[in-house]
Amino acid sequence: MPDRPKTIHDLLWNNPMVRDRLARRQRELELLEAARQRVPGGLQRHCIDAHLEDTTLVLVLDSPAWATRARFLARDLGAALAARDLTAVRIQTRPPQPPRQHAPKAQVGTPRRLSAATVEHLRTAAEHLDDPELAATLRRLAEHHAEDDTSSD
């Protein structure tokens, strides 16, 4: 009878180095939740992460204003969590990161067009340039927008 394939969970938890890191992270998340339960309601949602540095819990907040408020509570919070072998709580700020976008989203609607005055400025600038490649580029840009302006009439 063939052995059943191991799950990723089993593979990770059977590796001693990974198991130690997963257990540490699980403890950090438990401490984050315990800290959230011990701070005022408005502050709870701004506690976005926590990590351990030796026996210090570093509580990460999403704004400097809320971090300042949390610093006033850090000593009491450390005392409340001391039963978990912590000696101190330190507050750190990390603004939330915008979600990553893998590819730029397609523009919705009509792309922005240059005005007739801008098209004329491009043509005039092209006439007075010494660089022929740049002049040609400005002319192409002007013609592209001039064509679009005449086709939309």
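List of remarks:
- Residues satisfying the stated conditions in the stretch 29-53, i.e. over 16 Å from T87 (Cα atoms) and assigned to a strand (DSSP E or B): C47, I48, D49
- The requirement of being within 14 Å of L86 (Cβ to Cβ), among the hydrophobic types (A, V, I, L, M, F, W, C) and surrounded by 11 or more Cβ atoms within 10 Å (Cβ to Cβ) is fulfilled nowhere in the stretch 6-28; no residue meets it.
- Lone unmet requirement of (1) open to solvent by less than 90 Å² (accessible area, probe 1.4 Å); (2) at pLDDT below 90; (3) among the hydroxyl-bearing types (S, T, Y) for S63: (2)
- Among residues of the stretch 66-90 being farther than 16 Å from G42 by Cα and touching a strand residue (DSSP E or B) at 6+ places or on another chain (Cβ under 8 Å), the one that is most open to solvent (accessible area, probe 1.4 Å) is R75.
- Filter result (farther than 14 Å from L32 by Cβ and touching a helix residue (DSSP H, G or I) at 6+ places or on another chain (Cβ under 9 Å)) within the stretch 69-100: R69, L73, T87, A88, T93, P95
The values are calculated or read from the model by the stated rules, or taken from the named source; none is laboratory data. Note that the structure is predicted; figures quoted are calculated from it, not measured. Note that each Cβ is placed from the backbone with ideal geometry, even for glycine, and that neighbours are counted across all protein chains shown. We work out accessible area using only protein heavy atoms, side chains counted, and drop any ligands, DNA or RNA first. Shrake-Rupley method; radii C 1.70, N 1.55, O 1.52, S 1.80 Å.
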